[in-house]
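To start, the structure itself, in structure tokens.
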Amino acid sequence: MGDVRPALGANDRLWIARLPLVLRSICLVAWIVAAAGLRIGAARTEVRTEGISIVLCVDVSSSMLSEDFAPSNRIDVAKQTAIDFVRARTSDRIGLVAFAAQALTQVPITTDYPVLEAAIQNIRIGMLEDGTAIGTGIATAANRLRDAAGKTEVLIVVPSASTLIRMF
């Protein structure tokens with residue numbers, strides 16, 4: 001075989017010289033197709049639903065550290081309940097307001113549930129000056145609902161028990 005190959009000529013070995021160029025071209029085309037994000041069989045559907053606008057108003061005063069729900073405290077139970085509530089929604093727009101001595105909008109009304117869940121997880125006691133200004137929290141939440149789209153608006157207040165006692 002070694003003696004016959006040189007006699008065949010350079011034409012038979014020409015494909016070996018062109019192989020790197022061909023492989024580079026194939027790789028370039030594959031990279032362009034991958035970057036374009038082509039999808040075969042993908043269909044776009046538009047679904048219109050009408051949900052309600054909801055604002056969760058959560059007390060973050062130091063009274064929420066009471067361990068009424070052993071072994072958890074009030075804020076942990078409130079956060080888990082709020083997360084369960086958000087996970088049960090499908091097309092509702094939900095916002096989050098935290099209040100203590102003042103109120104602060106954590107998340108404006110949105111359908112981005114993962115962002116809302118992360119904000120609920122990040123709620124902590126001491127993020128606002130200590131106190132319980134439930135009226136300010138309700139007013140801030142109501143202002144968020146005022147500009148909300150949709151016909152139905154709901155405000156859910158998650159106060160501590162001491163706040164409820166002071167109210168009545």
Quiz item: Any idea which residue in segment 91-116 is least open to solvent (accessible area, probe 1.4 Å), counting only those that are in a loop (DSSP other than H, G, I, E, B) and either in contact with a helix residue (DSSP H, G or I) (Cβ under 9 Å, 6 or more places away or on another chain) or of a type in the set (D, E, K, R) (or both)?
Solution: A100
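Residues checked against (1) at pLDDT below 80; (2) open to solvent by less than 100 Å² (accessible area, probe 1.4 Å); (3) aromatic (F, W, Y); (4) not in a loop (DSSP other than H, G, I, E, B):
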{"site": "L14", "(1), (2), (3), (4)": "yes, yes, no, yes"}
{"site": "A17", "(1), (2), (3), (4)": "yes, yes, no, yes"}
{"site": "V22", "(1), (2), (3), (4)": "no, yes, no, yes"}
{"site": "C27", "(1), (2), (3), (4)": "no, yes, no, yes"}
{"site": "W31", "(1), (2), (3), (4)": "no, no, yes, yes"}
{"site": "A42", "(1), (2), (3), (4)": "yes, yes, no, no"}
{"site": "R48", "(1), (2), (3), (4)": "yes, no, no, no"}
Practice problem: Could you look through segment 68-87, keep only residues that are of a type in the set (K, R) and within 25 Å of T111 (Cβ to Cβ), and pick out the one that is nearest to the chain's Cα centre (by Cα)? | Solution: R87
Self-check item: segment 135-152: number of residues that are among the charged types (D, E, K, R) and in contact with a strand residue (DSSP E or B) (Cβ under 6 Å, 6 or more places away or on another chain)
Solution: 1
Quiz item: So which residues in segment 117-143 are of a type in the set (G, A, S) and assigned to a loop (DSSP other than H, G, I, E, B)?
Solution: G126, G131, A133
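The values are calculated or read from the model by the stated rules, or taken from the named source; none is laboratory data. Model, not experiment: these values are computed from the prediction. Please note: Cβ atoms are built from the backbone with ideal geometry, for glycine as well, and neighbour counts cover all protein chains shown. Ligands, DNA and RNA are stripped out before the accessible areas are found, and what is left, the full protein with its side chains, is counted by its heavy atoms. Shrake-Rupley method; radii C 1.70, N 1.55, O 1.52, S 1.80 Å.
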